[in-house]
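Novice: Structure below; questions to follow.
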Amino acid sequence: MHERPLQGVLTRERFDAVLFDLDGVLTDTAKVHALCWKRMFDEFLKRRADGQAEVFLPFDLNADYRQYVDGKPRYEGVRDFLASRGIELPQGEPSEPPGWETVSGLGNRKNELINEILATEGVDVYENSVVLVRRLLGQGFRTAVVSSSKNCEAILKAANIYDLFEVRVDGVVAAREHLPGKPAPDTFLRAARLLGAEPPRTVVVEDAISGVQAGRAGGFGLVIGVDRHDDAEALLGGGADIVVADLGEFLP
């Protein structure tokens, strides 16, 4: 996808730390997340359409997922998609049962679905991504995972890559520290601070448009977009400096 050799781009002379998104960059769970979002929203939209005698318009796995949900904290994704359909629901409480017709209830239903899949099917990793992380560690880079998912720790452990990252700033940390989610840069900036790295000497690796937007907004030294969805132009437009099809392009 990229025309010039990339093996000399990630060097210790230029950078001190690399911040990785999780889903779609390290683990092959982005498709699973998208399917869970679709199932949850379609359940809700079908009930709503039937109750109001309206036409059922299902959640679109391409347009709706990428534009309104991908890379965002769960409840923000619920709110943004519902707003796109002109639907407003009360926020509700985080402890509400999955499926209740509140932002929290719908978000909790999505979380229930993903946990069921994690428990039964496990997690696949992108092997070249893991090889690159190990190589960077061997060269003295500091590494962190920055994810909107509150399941980040469980996914890292299920994938057997938990110990590869010194710092984890995920949905749990963001909620506890009141950090806004991507496309705001706050979670990336927090991870860089925890690593003791300055943004200009830190790399962000993302597959979501909201993620590369966050990397650009944070003033990071290099923003790498990983194109898993044939949207290289959108990633470049969102702020990626480089777009690759696979992180193996940085390996010798």
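The values are calculated or read from the model by the stated rules, or taken from the named source; none is laboratory data. For clarity, every value in this text was computed on a predicted model and none was experimentally measured. Because the Cβ atoms are built from the backbone with ideal geometry, glycine has one as well, and the counts that use them run over all protein chains shown. Heads up: the accessible areas ignore ligands, DNA and RNA and are worked out on the full protein's heavy atoms, side chains in. Shrake-Rupley method; radii C 1.70, N 1.55, O 1.52, S 1.80 Å.
Novice: Kindly indicate which of Leu189, Leu179, Leu195 is open to solvent by less than 50 Å² (accessible area, probe 1.4 Å), of a type outside the set (Phe, Trp, Tyr), more than 20 Å from Ala154 (Cα to Cα) and free of Cβ contacts under 8 Å to residues at least 12 places away in the same chain.
Specialist: Leu179
Novice: Have a look at Gly221, Gly248 and point out the one that is touching a strand residue (DSSP E or B) at 6+ places or on another chain (Cβ under 9 Å), surrounded by fewer than 23 Cβ atoms within 10 Å (Cβ to Cβ) and over 18 Å from Asp70 (Cα atoms).
Specialist: The unique qualifying residue is Gly221.
Novice: Look through the range 87-125, keep the residues that are outside any helix (DSSP H, G or I) and among the β-branched types (Val, Ile, Thr), and return whichever of them is farthest from Arg47 (Cα to Cα). Break it down stepwise before answering.
Specialist: Of the residues in the range 87-125, the ones outside any helix (DSSP H, G or I) are 87-102, 122-125.
Remaining after also requiring among the β-branched types (Val, Ile, Thr): 87, 102, 123, 125.
Details: Ile87: 13, Thr102: 14, Val123: 31, Val125: 36 Å.
Only one residue fits best here, namely Val125.
Novice: Restrict the check to the range 229-242 and report whether at least one residue is over 14 Å from Ala184 (Cβ atoms), out of contact with any strand residue (DSSP E or B) (no Cβ under 8 Å at 6 or more places or on another chain) and aliphatic (A, V, I, L, M).
Specialist: yes
Novice: Further, regarding this structure: Do you know which residues across the range 32-70 are hydrophobic (A, V, I, L, M, F, W, C) and not in a helix (DSSP H, G or I)?
Specialist: Ala53, Val55, Phe56, Leu57, Phe59, Leu61
Novice: Which pairs turn up if I take residues in the range 209-222 that are farther than 24 Å from Ala63 by Cβ and look for partners that are part of a helix (DSSP H, G or I) and open to solvent by less than 10 Å² (accessible area, probe 1.4 Å) with beta carbon separation below 8 Å, at least 6 apart in sequence or on another chain?
Specialist: So the pair list comes out as Gly218/Phe188; Gly218/Ala192; Phe220/Phe188; Phe220/Ala192.
Novice: Quick check on my filter: what residues within the range 77-86 are assigned to a helix (DSSP H, G or I) and surrounded by fewer than 18 Cβ atoms within 10 Å (Cβ to Cβ)?
Specialist: Matches in the range 77-86: Asp80, Ala83, Ser84.
Novice: Something else about it: Does the range 66-76 include one or more residues that are open to solvent by 60 Å² or more (accessible area, probe 1.4 Å) and more than 16 Å from the chain's Cα centre (by Cα)?
Specialist: Within the range 66-76, not a single residue is open to solvent by 60 Å² or more (accessible area, probe 1.4 Å) and more than 16 Å from the chain's Cα centre (by Cα).
Novice: Which count do you get for residues in the range 199-209 that are surrounded by fewer than 23 Cβ atoms within 10 Å (Cβ to Cβ) and either touching a strand residue (DSSP E or B) at 6+ places or on another chain (Cβ under 9 Å) or closer than 12 Å to Val146 by Cβ (or both)?
Specialist: Adding up the residues that qualify gives 1.
Novice: Separate question: Counting just the residues of the range 1-26 that are among the charged types (D, E, K, R) and surrounded by 24 or more Cβ atoms within 10 Å (Cβ to Cβ), which one comes out modelled with the highest pLDDT?
Specialist: Asp21
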